Structure formats: C-alpha cells, structure tokens
Amino acid sequence: MKDSLQKAIVMILIFTAAISAPALDLSLRPRGFVFIPGGAGNAAPDGSERYAVGGGADLGFEVDLASIWSNPLGLGYTAGLEGGLLFDTLKSPAEGSLQLYRFGGALGLYYFPLSRLLTRLDAGMGVYQGISDEGKGKSGLWWRLGGEAGFRFTPSFTLAADLGWQQYQNPGTGGGAFMSGLYAGLTAHITLELGEKSGGSGVTAAFAQDSGLYPALLSLYQHNAAGSITIRNNENAEIRDVRVYFRAGRYTSSEFECGTVARINKGRSAELPLYADFSPELLGFTDSGRVLGEIVIRYTFLGKEKQSVRTITAAVHNRNTIPVSDPAALAAFASYNAPEILEYAKYIMGLARNKQRSGHNQNMQFAIWLFEGLRGLGIREDTPSGESASPASELQTIAEVQFPAQTLAYKSGTVRDLGLLYASALEAAGIPSAFIPLEDDFIIALGLNIDEAAAETLIYDEKKRLAADGELWLPVSMRSLNSGFIAAWEQGAENLNKYFESGQTADLIVLETAWAVYPAAPLPAIGVRSSRIDPAVLSANADAAVNSYVASHIEPLIRSIQTQIQAGASARLYNRLGMLQARAGRMTEARAAYERAAGLGLVPAMTNRGNLALIEKDYAAAERWFKQALAVQPENAAALRGLERVQEGRQ
C-alpha cells in the first residue's frame, strides 16, 4: 500500500507540472456509470455470481496534449488523473455492500469525424481501497479500458456515452481479479483553457514575401506564389473546410483562391502560397511601393460557416523591374498589340507595301523597313550610368527594362530595350521574332518562314543565317542599329559565329514560345506617335539595304547558277535562275529564264512565268501560262489559284 501511495504522489507531481505549462487545454470529466459485474472477478468459489449490479461515479482531470503536439491526422491525445467511487452489493458467499475508492492516471485518444461528433478510446490504471460493511478493507491495483461517443454542444462542453471494462486485482503478484465487469454511463467533458488564450480571436493570417511583386509579370501570380500566408486557428475548436482567397481592390481583377486546408486544429497553423489575379492597374507603379490587400478566410466551425478578413500589405517593385532568374522573362516587356507598336508597324508596313519588290522574301523586306524606320526616328543606344554596357551582365544584375512604347517615347534605351522594341514591331507585322542575349550584344532573330533548303536561293553565305528546329532566322545586332539593317545583320551573324566558335552556347528565345510562360504585360497606352518619319528618307534607306542584300547574296547565287548551266543546262537550273533574276530586279532576264525552263516542260516554271505576268498586270499572258501549266497538270494548285487572281485582276 505504501508503494502505491508513493506512485500516486509522483503522478500528482507530474500532472501538476504539466498543467502549469502555457497554452494547454485542461478537461474536467465527471462521469456517472452503471457497473455490471462479469468475468473472473465475479465468480465465487462455488461458481455463483459474487456481485450484483452496482454503480458509481468518477472525476477526471486531463491535459490535451494535442494543443502542444498536433498531427496531420487530426487525432487528439490526453493524459491526466482520475479518481472515483464504485458501490456494489455482495451476493455470494456473503451479503452486504462494498465501496471501492480508486485513484490513478489515464490516457486518451480522441477524434472528431464530424465537427460535433466525438469518438474516444481511453484507459486508466491506479490503486484502489475497498471497504465493506464490516469495515474490512482491501487494496490493490485497478485498470480499465473503454470507449466513448458523444456530441459537442459548444467548444467547451461535450456530453458522451461510454462503455468499457473495469477490473480490480487482489493484492499480491498472483492474486487474480478481485472484481471485474462492464461499465456504461455518461461523461461530461468540460474544457478549460490554460496559459495563453486562443479562443475569441477567430482566425488570423500573416503574410511573408521573399521579394516584391513584379508588375510586368502580373499574370504569373495566378500560378506562381507572390509570397506565403500563415493561417492560425484561434477558435476554441478545430476549423474545417478552410478556403483562402486574396483581393486588393482595383489592383486585382477578381478574388482569387490561394488554396484550401481540410482541417486546422485549435491553436495550430497552416501555410499556403499567395496567388493573385492582378489587374493592369499594377502597371501604374512607376516607382516602388506597396499594395493594400485582404486575405479572405472562409471556414466551417462546429458546422457553421464563418469568414475572417485580414488586411495585409505587399511590396511592389516599379513596373520596369524584372527578376534575374530567367532571361525569357524579358518577353513580358515585348508586346505586339501595344497601341504605340501597332501604330508604328501599321505606318511602316503601309509604306513598305507600296515599294515591295517581286521575288524577295516578304518577311525580310518588311523587317528591313521596320529596322530602318527605327533608325529614321533617331533612336539611339543609351547605357545608363551604374549599369554595365553588356546585356548579359545586365541580365545578371538587372534592375530595369523599358517597355517598347517607352523606348519610342524616349528615343533611347539599352541594346536590350532597342531589341525588345524591334522584336515587338516585327511581331506586330506578323513576322516571327526571337532574341539572343550575348555577352556584348543583344541579337534579334527574325523568322523568314522558310526552311534551310529554301535558304539557298535567298542567302549566299550560310554563315549569315541561323537555323533552329528546321526554321531559318536572320540574326540582327541591336548594337549596330545606327549602321543600318545590312550592317546590323552582318554584325549579328559575326558575333554569333565568334560566340559559337569559342565553344559557348546561346539561347534562342522565341517570343511566341516565351509568351506562353511570360505573357506580354498589358501596359496602358502612353500616347507615342511615330508618323513623323520622312517617307523619302526611309524609302531611300530601305532601297539601299535591299540593293546591298542583292549585291551580297543574290548576285553571287546568279553567277553560281550560270556557271552550272554552262556545265549542263536543265529546266530546274533555268527556273532557279529566273527566280534569282527576279529578286535582282532584272525582269527581262527572269522572263527569258522562266520561258527556257517552261519550254523544257517544267510546270513550276510555267506558273512562275504566269505570276511574273500577274505582277506586270499582263493578264492575257498570265492566263496563257497558267492554262499551259494546267494542260500538263490539270490539278496544279498554283495554276488554279493563278487563274483566280487573273479574274480578280480583270474586275
């Protein structure tokens, strides 16, 4: 008995130390029960039942350890003390009454499958003291194991029905059961909060950012976190079906969902990313600042829908700032549908169409005019103080990038800014574009919409062209903007070749592909007009560029084909010669070469001759050549389309 009392004292000391800790929940558990004797402890030596049905009550004090150590399964666990009284009547071999006073420790495991439904398993063990009518006493160890199911009326009060097994041991190591049986009753759970209170404050939210928001990348924040939100449950019980949203007034287009959490236990926290549907208003930040926003938390508490709104502020970079991690993010600054870029491209394309040359690649011609137009506007490279002149170095410590409309307005920018302006203008004209950041240059690659095989009739020097994924591109150096298109093309090709010859690699960042990840930022119009370019000067510069291209690439190809014809003429060689003569502007020679090839029975030469007649508006000759092609190939698509164009031209 002395050992049992010592154990009880130790348990009391441990329990007292536990409940003195801060932020713990203490439960008071009064219980009344009916005791139904059974098992070995109810069997008299003669085989009869020893005890009648009895009853009793006990009182438990427990600490909810889940308030300290929560788990993702939502299980709760308790430890505590309990003491009680069991009253029963003796039936055999003697009659009378018996009272058992017990004290010990208890452990519990509970779970709320529904917000108000409690399920619980628990066990207890300790010492007891029995007293009969005659005053005789008996002491020893007892234990019990049981379960509960209850209804939570409020966070602090639950009423549960319980069922379990109690057993009281005879003194000594081999004494066996003195008394045993089932117990069933009702238990009240009264929860008290100790230490730091969590109830009464609802749900709170804290926001953290590793970096400020980048306005140019505003659409990315729907899928890439702008920061992290920590949701803390300060209610008196767990919250369920937690849904978190973000909104920031005019700076967001909608209230956007950040995520959901199935359950957050009382006093616990959950972390979610902050996603947002930012509006173009974010691009109004011409300097760094902050956005005032709200985190909206909707959740279910004890079956009732609740909402908590918490105000936060988020840091915002100025709209010209870009992160350093991925050069493809520059695509966000290039926009083919910006009003200023569309106006510029429309104006230049209108001039270029009136001066378009037959037989030349259309993309190349328009790209020349767009390039020379920028030069005609007087746009110049400008390296701001404090920044490296090297675009690649800028990308490593990049601070700011101009939008193309800003470069038009300022008429200056870094080579990167000039390149993004040119690439945007190309895209506005329907010409594919890409960019290549180098150590000492920023290359814009313009797509010709032809494959490498077709390039042999356009570009004599293979080192002046760039092939990627079967497509042909012309690399143009933006550092050489003020030297004209041909010089910029040659410099771009030279810089790339040196780069590759040194064993380095370069990324060809195609705008159309990059826009899938970094959509163009919808910068509001800033009202730049570009129609002051002198058309005569622009036309002269564009013609000079085309003539230089013909001299550098078409004339060598013509000489090469003529040499091959001398070695052995063929219809295909004559047809190719006709194409090159047309590109050189020598239409008489082109007609002659096409007619030689057509005389040898080559159908493409007949349709090419018809197209040349269409350009010259000789509809009778065009009709004759297309019909000649159809006589050989009745389903020839080029000839059929040519006849349609003849009819359209005659109307």
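The calculated P(r) of the range 568-608, using every Cα pair and 5 Å bins from 0, goes 6, 35, 35, 18, 6, 0 in percent. Given R0 = 45 Å, the distance between the Cβ atoms of Ser228 and Asp440 translates into a calculated FRET efficiency of 0.70.
Pair-distance distribution of the range 151-292: all C-alpha pairs, bin width 10 Å, starting at 0; shares per bin in whole percent are 10, 25, 19, 15, 12, 8, 6, 4, 1. Magnitude of the charge dipole for the range 26-172, about its Cα centre and with charges confined to Cβ atoms of Lys, Arg (+1) and Asp, Glu (-1), is about 260 debye. In this structure Ser325 has an accessible area near 100 Å², from a 1.4 Å probe over the protein heavy atoms.
How far apart, in nm, are two points set 7 Å out from the Cα along the Cα-to-Cβ line at Val324 and at Trp69? My value for the distance between the label points is 4.4 nm.
For the range 71-151, the spherically averaged projection of the C-alpha convex hull amounts to 6.8 nm².
So which of Lys464/Lys617; Lys346/Lys411; Lys355/Lys464; Lys411/Lys463; Lys91/Lys138; Lys346/Lys627 end up more than 27 Å apart by C-alpha? The answer is Lys464/Lys617; Lys411/Lys463; Lys346/Lys627. Taking amide H as placed 1.01 Å from N in the peptide plane, the amide H of Tyr77 sits under 5 Å from that of Leu65, Ala66, Tyr110, each at least 5 places away or on another chain.
Spin-label model, Ala516 to Val632: label points 7 Å out along the Cα-to-beta-carbon direction sit 4.2 nm apart.
For Leu117 and Gln562 in one chain, what is 0.36 nm times their gap in residues minus the Cα-Cα distance, to one decimal in nm?
150.8 nm
In plain terms, the chain from Leu28 to Glu255 could stretch by 77.3 nm, reckoned as 0.36 nm per residue minus the Cα-Cα distance.
Note that the range 554-651 shows a convex hull volume over its alpha carbon atoms of 81 Å³ per residue. For the chain, taking the reciprocal of the average inverse distance between every pair of different Cα atoms yields a Kirkwood hydrodynamic radius of 32.7 Å. If the segment from Tyr410 to Ser483 were pulled out straight at 0.36 nm per residue, it would be longer than the present Cα-Cα gap by 24.3 nm.
The values are calculated or read from the model by the stated rules, or taken from the named source; none is laboratory data. As the structure is a computational prediction, the values presented were derived from the model and not from experiment. Please note: Cβ atoms are built from the backbone with ideal geometry, for glycine as well, and neighbour counts cover all protein chains shown. Only protein heavy atoms, including side chains, enter the accessible area calculation; ligands, DNA and RNA are left aside. Shrake-Rupley method; radii C 1.70, N 1.55, O 1.52, S 1.80 Å.
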